[in-house]
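Everything on this sheet refers to the single structure shown next.
The values are calculated or read from the model by the stated rules, or taken from the named source; none is laboratory data. Source: prediction; values computed, not measured. All Cβ positions, glycine included, derive from the backbone under ideal geometry; neighbour counts span all protein chains shown. Side chains included, ligands, DNA and RNA excluded: accessible areas come from the protein's heavy atoms. Shrake-Rupley method; radii C 1.70, N 1.55, O 1.52, S 1.80 Å.
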Amino acid sequence: MKLFQDSTPAKIILFGEHAVVYGQPAIAVPVSDVRAFAEVQIDQTLKAPCIRISDYNIEFSLSDKDPPDKAIHIIKAIHLVAEKTELSYPPSGWRLIIWSQIPTARGLGSSAAISVLLIKILFKLSLTELSLSKLIELSYELEQYHHGRPSGIDNTVISLEKPVFFQKGREIQIIKPQIFYFVIGDTGIGKKTVHVVAEVAERYEKNKKLYDDIFQSIGKIADQGLKALETGDREKLGELMNINQSLLEDIGVSSPELDQLIKVARDEGALGAKLCGAGQGGCMVAVTMSWQKAKSIAESLREAGAKNCFVTVLKGGS
Ligand code: MEV
């Protein structure tokens, strides 16, 4: 019997990935129509909580000594939440079913979406109130487990489900943008954020001055991006995305497949396009003048080999 359901969105980074890890500002927005879901069911026959990951067709008990590999992250997350909180959810008699539309390791925040979702579910099961600040704090702990050195932007935008201007150590600024249309194209190549961030860190150590300059330039673009979002200047936003992309190429996080999809989007009339997330695979995002244009570019991206395409609208003042 279904007890309750919850969900969390995907995210895209419009400006500032990687630079945000080094203290620069960045802008991320939720993708509300691409989501991770969870449902809690009551099943009194279960002697320990049971988790089903529908996408992998696996089910296991939280008391299993040898859980499936694909379940390790989820079990670890549940244990971490238990360590950090004093939640007391029922010790048996329930099943948690998880499924997700967010492709994994593609820069769309799939791991942060699952982390935020698990925390919300565990608090609900424990009938304990959860503040947004607690959700962000706890999901950051889980992100540290997944990524080692995360900036915190992914779990923040997903927790808030609002566009954010984010800078480490500063108060989070919620953006009130005008309406924007985006198309997201997935190269189909999975890259773990932790690895790409570590490679950038290695290059940074060898060439600090150059990388600091690039990160600062990216930070300035994020500042201008904020204005473009608030004033509804789609052309400016596109131009800034293109500049951000060339700086991301300079730090070595683009890839031939991303370059190809970005070129197709620009050739087909996007106002600007860039990779989003850690890069070296994963997804690109392009801004367009209209919903129809975003749809037609999605078609061209598919023809050019994109494995998934999502068209999404950033709603004015949301
Ligand atoms: C990942 O979505 C964005 C990165 O900047 C890493 C981070 O901010 O933690 C690459």
Among all the lysines, which ones have a C-alpha under 25 Å from Lys70's C-alpha, if same-chain residues fewer than 8 places away are not counted?
-> Lys2, Lys11, Lys47, Lys84, Lys120, Lys124, Lys191, Lys192, Lys307
Probe 1.4 Å, heavy atoms of protein chains only: per residue, the accessible area of the range 254-303 in Å² is 38
Column: log10 I(q)/I(0), Debye, Cα scatterers of the chain, q = 0.07 Å⁻¹ = -0.28
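Lys and Arg at +1, Asp and Glu at -1: add these up for the other residues within a Cβ distance under 12 Å of His147 and post the number.
With Lys, Arg at +1 and Asp, Glu at -1, the neighbours total -1.
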List His146, His73, ordered by accessible area with a 1.4 Å probe, largest first = His73, His146
Percent RCO, i.e. relative contact order, over the chain, from Cα pairs under 8 Å lying at least 6 residues apart = 23
Residues of type aspartates and glutamates that Lys236 reaches as a straight line, Cα spacing below 17 Å, ignoring anything fewer than 8 places off in the same chain | Asp223
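Pick out, in residue order, every one of the GluC sites (Glu not before Pro) in the range 1-94 that is DSSP loop and has at most 15 other C-beta atoms within 10 Å; say none if there are none.
Glu86
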By the scheme Lys and Arg +1, Asp and Glu -1, what is the net charge of all other residues having a beta-carbon under 12 Å from that of Pro9?
-> -1
In the full protein assembly as shown, how much of Asp33 is accessible to a 1.4 Å probe, in Å² to the nearest 10?
-> 90
For the Cα atoms of the chain, what angle does the longest principal axis make with the long axis of helix 110-125, in degrees from 0 to 90, nearest 10?
-> 30
Calculate the length of the line joining the C-alpha centroid of the range 54-77 to that of the range 230-293, in whole Å.
-> 36
